[in-house]
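Q: Take this structure first; my questions come after.
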Amino acid sequence: MDWRAVNFDWNRARAFLVTAEEGSLSAAARALGMAQPTLGRQVSALEQELGVALFERVGRGLTLTPSGLDLMDHVRGMGEAAARMSLAASGKAQAIEGTVSISASEVDAAFRLPAIIGKLRQMAPGIDVEIVATNSESDLRRREADIAIRNYRPTQPNLVARKIRDIDGRIYATPGYLESIGNPQTPQALSGADFIGFNRSGEFIAAMTRFGLTLTAKNFPILSESHLVQWSHVRQGLGIGIMTSDIGDAEPAVVQVLPDVDPIVIPVWLVTHREVHTSRRVRLVFDLVASELGRHERPERTAYRDRLVEDGGGAQ
């Protein structure tokens, strides 16, 4: 390879790639953890090095020029190669120290992980833990996290996935709220109740039909994408919301609504990238989290606990 033909700074290429993917300099700066003016200078410097304009400003955002579009596939390939290199290097790290990042929903991060992380800190004080509390999917292949707790079976290639358990999902409200609507005893009696949910989409309403409920958008006067915000409003007596039974039953301020109705079954999977899984510190954290999350599984679910999927096609 003629390295003299490479006439640009690779760090500037990364700045270009992230800006294109995020759609603005401010979002890209947040993603990279750097100041927006610094990022802007890197992109401008790359344009000068290459002799082309990469972006056009549209309102508050940026759109790629034809030249920028032509370069995106090449730069994206560079980013993926860099991510693979980082994964391979992490997988070779054998010291029981360093940072391990865990992606988990807000509920898992707030209610289930603290006790597990406390035990981890006693076992391996050299390991620092970064909790990525998000209700969106973290891309493990791009190192957005080392380990992820998910509530669905993963399908991406090159992942190691273990089915941990199934958790019951039930609906809850305060006794005061239920009294205010006449202490309904049947799904039909809840047709006029207030529910607190993610959105008014058909998907969430369809999920509620599993409890025998027939709801419309009018049943959702309070919405939030945050699970913790929803749960807080349920606990304040503002409506009915869904929560897993291990957390909901432990909350003294609420009671189950329609306790005789079959629950929603929510699977719990633990996932990591195959190459990262060879790191001793990642394996230690993975195995501990898997063991602790599975402690309270129902007896009939134990056959799933050690199902380990480790093939190029993802989980089966």
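The values are calculated or read from the model by the stated rules, or taken from the named source; none is laboratory data. Being a predicted model, the structure only gives us computed values, none of them experimental. Quick reminder, even Gly has a Cβ in these numbers, built from the backbone with ideal geometry, and neighbours come from all protein chains shown. All accessible areas refer to the heavy atoms of the entire protein, side chains included, with ligands and DNA or RNA removed. Shrake-Rupley method; radii C 1.70, N 1.55, O 1.52, S 1.80 Å.
Q: Based on the Cβ-Cβ distance of A45 and S67, what FRET efficiency does E = 1/(1 + (r/R0)^6) give at R0 = 22 Å, to the nearest 0.05?
A: 0.90
Q: Next question, about the same structure. Normalise the Cα radius of gyration of the range 200-267 by 2.2 N^0.38 Å (N = residues in it) and let me know the number. If you can, show how the numbers build up before the last one.
A: On the way: Rg = 12.0 Å, N = 68, 2.2 N^0.38 = 10.9 Å.
Against the compact-globule rule of thumb, the ratio is 1.10.
Q: Another question, if that's okay. For every helix of n ≥ 4 consecutive DSSP H residues, a contribution of -39,500 (n - 2.57) applies; sum these over the chain, divide by its total residues, and give [θ] at 222 nm rounded to the nearest 500 deg cm²/dmol.
A: Taking each H run of at least 4 residues, the total per residue is -11000 deg cm²/dmol.
Q: If you stretched the chain out fully between F204 and Q122, how much longer would it get, using 0.36 nm times the residue separation minus the C-alpha to C-alpha distance?
A: 25.5 nm
Q: Leaving out ligands, DNA and RNA, and with a 1.4 Å probe, what % of the accessible surface on the chain is carbon or sulfur?
A: So the carbon and sulfur contribution to the accessible surface is 50 percent.
Q: In nm, to one decimal, how far is the E97 label point from the V261 one, both placed 7 Å along Cα→Cβ?
A: Calculated label separation equals 5.4 nm.
Q: Semi-axes of the equivalent ellipsoid for the range 161-293, please: Cα gyration tensor eigenvalues, times 5, square-rooted, ordered largest first, whole Å.
A: Value: 34, 15, 14 Å, ordered largest first.
Q: Classify the range 24-71 from the C-alpha gyration tensor, please: rounded if a/c falls under 1.5, else prolate or oblate depending on whether a/b exceeds b/c.
A: It comes out oblate by the Cα gyration axes.
Q: I would also like to ask the following. Using a Gaussian network model of the chain whose springs link C-alpha atoms within less than 10 Å, name the residue from F55, F220, F211 with the highest mean-square fluctuation.
A: F55
Q: Using the Karplus curve 6.51 cos²θ - 1.76 cosθ + 1.60 with θ = phi - 60°, what ³J(HN,Hα) values do you get for each residue of the range 65-72, in whole Hz, with x for Gly and Pro?
A: 6, x, 5, x, 4, 4, 8, 4
Q: Provide the gained length on full extension for the span N11 to M78, in nm with one decimal, where the gain is 0.36 nm per separating residue minus the Cα-Cα distance.
A: 23.0 nm
Q: Any idea what angle helix 280-293 forms with the longest principal axis of the chain, computed on alpha-carbon atoms, 0 to 90 degrees, nearest 10?
A: The angle comes out near 10 degrees.
Q: Moving on to the next point. Would you mind getting me the FRET efficiency between I247 and A31? Use the beta-carbon distance for r and R0 = 41 Å, nearest 0.05.
A: 0.85
Q: Now for a separate question. Rounded to the nearest 0.05, what FRET efficiency is calculated for L223 and E130 with R0 set to 25 Å and r the Cβ-Cβ distance?
A: Working: r = 29 Å, r/R0 = 1.17.
According to the calculation, E is roughly 0.30.
Q: Continuing with the same structure: Between the range 25-47 and the range 203-228, how far is it from one alpha carbon centroid to the other, in angstrom?
A: 40
Q: Send over a whole-number figure in Å² for the accessible area per residue of the chain, probe 1.4 Å.
A: 52
Q: Which whole-Hz couplings ³J(HN,Hα) result when phi for each residue of the range 111-116 is put into the Karplus expression 6.51 cos²θ - 1.76 cosθ + 1.60, θ = phi - 60°, listed in order with x for Gly and Pro?
A: With coefficients 6.51, -1.76 and 1.60, one gets 10, 9, 6, x, 5, 5 Hz.
Q: For the chain, state the average projected area of the convex hull of the C-alpha atoms over all orientations, rounded to one decimal in nm².
A: 20.6
Q: How many percent of DSSP beta bridges within the chain run antiparallel, rounded to 5?
A: 70
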